[in-house]
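What follows is a set of notes on a single structure, which appears directly below.
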Amino acid sequence: MYMFDSFSASVIAAIAPEISYTLPYFGEVNFQKTIAAAGVFLALTAFFWLLRMVILHRAKTLAAKTSGTFDDLVVDSVQNVRAWVYSLVALYASLQFFTLPGWLDVTADAIFYFAVMWQAIEIACGVVDYVVVNFLEKDEDGDGIVDPNAATASSMVTLISRVLLWSLGILFVLSNLGIEVTSLLAGLGIGGIAIAFALQGVLSDLFASFSIYFDKPFRIGDFIVIGADSGTVEKIGVKSTRIRTLQGEELVVSNAELTTARVQNFKKMEERRIVSQFGVVYETPLEQLKEIPSIVARIFEDVEDARLDRVHFTTLGDFSLNYEVVYYIESSDYAHALDIQQMYNFTLMERFAEIGIEFAYPTSVQYNKN
């Protein structure tokens, strides 16, 4: 495959002057192709120099004035193309005017295609890095630090994209060198299926890690409950997730298991609903029974981070008159919730003691008839 054959043959060779010289041992030599090749080389070299020194310089100045960053990425990608790549392109174009020996022609094609492919992959990797940094590596907590699970996901995306780009690039070079890649692709396909079957557990966990990142059922630092296990998420890896349990040991759970299990995330809890019950003795006067809801309501007027939902006299128990209290604690901190519950219990006991209301406990009364 020659990129410049038609252009050089139909245009440049036609307008190039015919200059012939008689040289010793060579006879009459026509320098028309040599002049055309030199003209193409110099013209492309001048164009690439103009592109790098003038056009890109002005484009970079204009890109710096805009608020977006994608135009900076485009300018930097073109500017980062190596100077020798431009020279190689110009040299390759000029060589198309000559009939080279077979081995030299194949070598020139291989060097040219590999250089262009390698430079194109570098540009594509720069685009992937831009997407990863701007859309995956996010500071969701606002603490100025990229979340570790986001960094893990971005690293996997970067690695996979580079493997795919280099695989496609190598196939492109081989195809343009005239090597039949159909059988190679078939072999790779069969091998890929075999590897997929052998590593289906690993691949399942790998894709599950992507699911955890994009769906975000939990993040590092969250307190979660999975079945009978609970703890704080310490690391979300490629294959497994590490959880530090309340007992202190590290629990390792596969990512595939986490995506199919029911997970309770207490870190995202904004408030807790507490249902509390107590009973008073049957000897409590009716006036005091009616006063109990207002007593409980006044307690919550002085408790911060808590609000009362309802208080009701619910049932006539075997040995007690039962009340049900429902209130909300406006905090996800479990220790703080226990402090509020404790404060409520102490205060309720103090108020009942002041007015002589007794809490009930299991008792039985026996009546003897003479």
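The values are calculated or read from the model by the stated rules, or taken from the named source; none is laboratory data. If you're wondering where the values come from, they're calculated on a predicted model, not measured in any experiment. Counting neighbours? That spans all protein chains shown, and the Cβs are built from the backbone with ideal geometry, glycine included. When the accessible area is computed, the model is the full protein with side chains, heavy atoms only, and any ligands, DNA or RNA have been set aside. Shrake-Rupley method; radii C 1.70, N 1.55, O 1.52, S 1.80 Å.
Overview of results
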| read-out | value |
| --- | --- |
| Part-to-part distance (alpha-carbon centres) for segment 315-368 and segment 249-295, which is given in Å | 15 Å |
| Debye intensity ratio in log₁₀ form over the Cα atoms of segment 201-356, taken at each q of 0.20 Å⁻¹ | -1.14 |
| Heavy atoms of residue 49: accessible area, 1.4 Å probe, square angstrom to 10 | 150 Å² |
| Virtual spin-label span in nm between residue 42 and residue 214, 7 Å along Cα→Cβ | 5.6 nm |
| Cα pair distances exceeding 13 angstrom across segment 314-358, given as percent | 68 percent |
| Residue 55 versus residue 180: modelled label distance in nm, points set 7 Å from Cα along the beta carbon direction | 4.1 nm |
| In segment 255-323, GluC sites (Glu not before Pro) in a DSSP loop with at most 12 other beta-carbon atoms within 10 Å | 270, 283, 304 |
| Relative contact order computed over segment 217-278 (Cα-Cα under 8 Å; 6+ residues apart), in percent | 31 percent |
| Cβ-derived FRET efficiency at R0 51 Å, residue 234 paired with residue 313, nearest 0.05 | 0.60 |
| Total formal charge among the other residues, if their Cβ is under 13 angstrom from that of residue 71, Lys/Arg +1 and Asp/Glu -1 | +1 |
| Label zone at residue 367, where the point sits 7 Å out along the Cα-to-Cβ direction: segment 283-307 residues whose backbone N lies under 17 Å | 283 |
| Coil-residue trypsin sites (Lys or Arg not before Pro) of segment 232-264, DSSP, other Cβ within 10 Å capped at 10 | 262 |
| Student exercise, segment 220-329 dipole from Lys, Arg, Asp, Glu Cβ charges, in Debye to nearest 20 | 600 debye |
